[in-house]
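Step one of this worksheet: look at the structure below.
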Amino acid sequence: MITPDEIIRSKRKTLSISIDNANRLIVRAPLRCSDAQIAMFLAEKEGWILRKKREREGAGICLPSENLEGYELLLLGVKCKIHVFPISKVGYDEGEHCLYLPEKDTEERLVKWLKKNAKRIFTGVTEQMAKRMGVTYRSVQVTSARGRWGSCSGNDALHYSFRLLYAPKEVIEYVIVHELAHTLEKNHSKNFWAIVERYIPDYKQKRAWLNKHAWLMEVF
């Protein structure tokens, strides 16, 4: 028997289900829909639910708890283990793929470190790719956006979510090329995608990685 993690009733006419970024089964139902009707609906959708949950588990979904000791996050696509110690500064051992965090304000210090390094890395890659593409841009900013990995404003200011730092370098390059292409085409027309493909021939694979790992937007 499939048990939902949350049932949301509202003034809607139909039942629907979804698997959120934490691998939770969410049911949206009409106000007068009975538990028996929901149970029957879930039984009908059991195959889809189990398949989607396996896909999420296969992607390595694991959101952090309050205790970050031993938690593994992705940095540039590589698993990195967190260790918490009575230290004053964040330390990073690239060879061992370990992050050492202070006991005080642990998550706050981690996010600050992630943003600092995201700004450094994204700025460098943006400069390199802009030269290759022969384009200019106004600025590079790192944000805490959860809805999108990157964006390009009307005046060509580029914004990247610091969580893009979790992605492999080649995926980061794709997002940056995508936003730089918007300095030439402010849409997603055929011309736009032709520009992206010129510099990232396998961009569809990179997009697929981002779609599969959308749950990373929930990490910190």
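Assorted remarks:
- Residue check, K112 loosely packed, with under 14 Cβ neighbours inside 10 Å and in a helix (DSSP H, G or I): yes
- Residue list for segment 3-36, filter: assigned to a strand (DSSP E or B) and over 11 Å from I49 (Cα atoms): E6, I7, I8, R9, S10, S16, V27, R28, A29, P30
- Selection count where residues are surrounded by fewer than 17 Cβ atoms within 10 Å (Cβ to Cβ) and either in a helix (DSSP H, G or I) or in contact with a helix residue (DSSP H, G or I) (Cβ under 6 Å, 6 or more places away or on another chain) (or both), scope segment 85-105: 0
Table: residues versus (1) touching a strand residue (DSSP E or B) at 6+ places or on another chain (Cβ under 9 Å); (2) at pLDDT 95 or above; (3) basic (K, R); (4) under 25 Å from L210 (Cα atoms).
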| site | (1), (2), (3), (4) |
| --- | --- |
| K13 | yes, no, yes, no |
| I17 | yes, no, no, yes |
| A22 | no, no, no, yes |
| A29 | yes, no, no, no |
| K45 | yes, no, yes, no |
| K52 | yes, no, yes, yes |
| G77 | no, no, no, yes |
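- Residue in segment 164-185 that is closer than 21 Å to Y92 by Cα, surrounded by 14 or more Cβ atoms within 10 Å (Cβ to Cβ) and without any contact (Cβ under 8 Å) to a residue 60 or more places away in the chain present: yes
The values are calculated or read from the model by the stated rules, or taken from the named source; none is laboratory data. This structure is a prediction, so every number in the text was calculated from the model and none was measured. Glycine also receives a Cβ, built like all others from the backbone with ideal geometry; neighbour counts cover every protein chain displayed.
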